[in-house]
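Below: one structure, written as structure tokens.
The values are calculated or read from the model by the stated rules, or taken from the named source; none is laboratory data. Not measured: the values here are computed from a predicted model. Cβ coordinates were reconstructed from backbone atoms using ideal geometry, including for glycine residues, and neighbour counts include every protein chain displayed. Protein only, heavy atoms only, side chains kept; ligands, DNA and RNA dropped before computing areas. Shrake-Rupley method; radii C 1.70, N 1.55, O 1.52, S 1.80 Å.
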Amino acid sequence: MSRMHQSRIADFQEVLGEPTVALAKLRELCFSGIPFDGGLRCLCWKILLNYLPLEKALWSALLKKQRDLYSQFLKEMIIQPGIAKANLGVSREDVTLEDHPLNPNPDSRWNTYFKDNEVLLQIDKDVRRLYPDMAFFQRPTDYPCLLILDPQNEFETLRRRVEQTTLKSQTVARNRSGVTNVSSPLKTTSSSLSEYEVLPNGCEAHWEVVERILFIYAKLNPGIAYVQGMNEIVGPLYYTFATDPNSEWKEHAEADTFFCFTNLMAEIRDNFIKSLDDSQCGITYKMEKVYSTLKEKDVELYLKLQEQNIKPQFFAFRWLTLLLSQEFLLPDVIRIWDSLFADDKRFDFLLLVCCAMLTLIRDQLLEGDFTLNMRLLQVRIKYSGHREQFEKSQNSTMREEDGM
């Protein structure tokens, strides 16, 4: 470990060791990257995402309260309507003449159950293919949820709901407009089944934990529920917390991820709501701001894209909505998010990173025609020059803050 790295760790420990964390100092340190050592990144993210308060004395009580609350969510929202576990204090309710699976009443528990299944199937489809280039999400977690996996449980888990439904996960899709499309099930090959084969009873893969987080979020937020792309937001959060070197914190990665994801979504959820696209808080405004920022930084490239009628919607939508989580390898995404979460203006830095991504390929864009440039911008480029990109964006941010 280099002296510089040791010095940075010491700087973080000094700030985090105070009875009240100095947020401005913490943001400044985090903006340049957070060391993984000692669980510093996990702790800093929880503070930057407003999960932990600045007063350290409040941490223990708050964490216990929130983790107990999440356990209550599991009890209330993973149990199938009409089936309950006796030791949870809920009596079994049988199908009645008033409420049955064919009841068209919108308030019917069965109607809610089947609608939840549509959401669950889309979540299941998306989380199974989360970061397919790495094995982490397919591996078993060291801390499976005992409340769910207890073999004595009589209620239906999410895994059983997916297994028992007649609809295959490939047949359901919900877009940002809130439209759910259901098509005829396709033949599933043996290779695709083995690729995503679930683990034995008593074990669960990391993607199953992510599935549970997203399902509970959808249940608690019916106005937005689940939209494709949310899995790409929760993935890096969960990975960071589930690999925390501090085993005591690592054990509660699921609950902590849920609340940090909820807080993050409170800031970016407008990106996922189509009816808000053209408002000042919507994604269209933010995409246009990418171009206005590019015009300030590189007018020649801006004019070239304008001349070819290449609109920011063609490429910046994914960049902004998913916080660049699909444009970089996961370790680089996590490094970028250090700076994004530390941005006191909340994601203004994201616009600068997007502009830097354009300027890094400016020579190709200036030489290319419409077809070539569209292909260049829409493919998921793995930017090898991310360090240079950060230097450019960080310098731009510092100059703006200094009024230069």
Segment 12-63: chymotrypsin sites (Phe, Trp or Tyr not before Pro) in DSSP loop, at most 11 other beta carbons within 10 Å = none
Mind grabbing the accessible area of TYR285 for me, 1.4 Å probe, Å², rounded to tens?
-> 100
Accessible-area value, MET287, 1.4 Å probe, nucleic acids and ligands omitted, Å² = 10
Just by accessible area at a 1.4 angstrom probe, what is the order of LEU69, LEU214 from largest to smallest?
-> LEU69, LEU214
Nitroxide proxy distance, nm - points 7 Å out along Cα→Cβ at SER279 and VAL379 = 3.8
Over 14 Å [Cα-Cα, segment 224-310], rounded percent = 73
Considering only DSSP states other than H, G, I, E and B, which trypsin sites (Lys or Arg not before Pro) in segment 272-360 qualify as loop sites with at most 14 other Cβ atoms within 10 Å?
-> LYS345, ARG346
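For GLU204, GLU248, give the ranking by accessible area with the largest first, probe 1.4 Å.
Final ranking, largest accessible area leading: GLU248, GLU204.
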In nanometres, what is the gap between the two model label sites at GLU296 and ARG160, each 7 Å from Cα along Cα-to-Cβ?
-> 5.7
In square angstrom, rounded to the nearest 10, how much accessible surface does SER7 have for a 1.4 Å probe?
-> 60
State, to one decimal in nm, how far the label point of LEU330 lies from the label point of ALA10, with both points 7 Å from Cα in the Cβ direction.
-> 3.4
Report the extension gain between GLU367 and GLU28 in nm, rounded to one decimal, defined as 0.36 nm multiplied by the number of residues separating them, less their alpha carbon distance.
-> 118.2 nm
Anything over 28 Å Cα to Cα? Flag those among LYS75/LYS115; LYS125/LYS250; LYS56/LYS289; LYS65/LYS286, in the order listed.
-> LYS56/LYS289; LYS65/LYS286
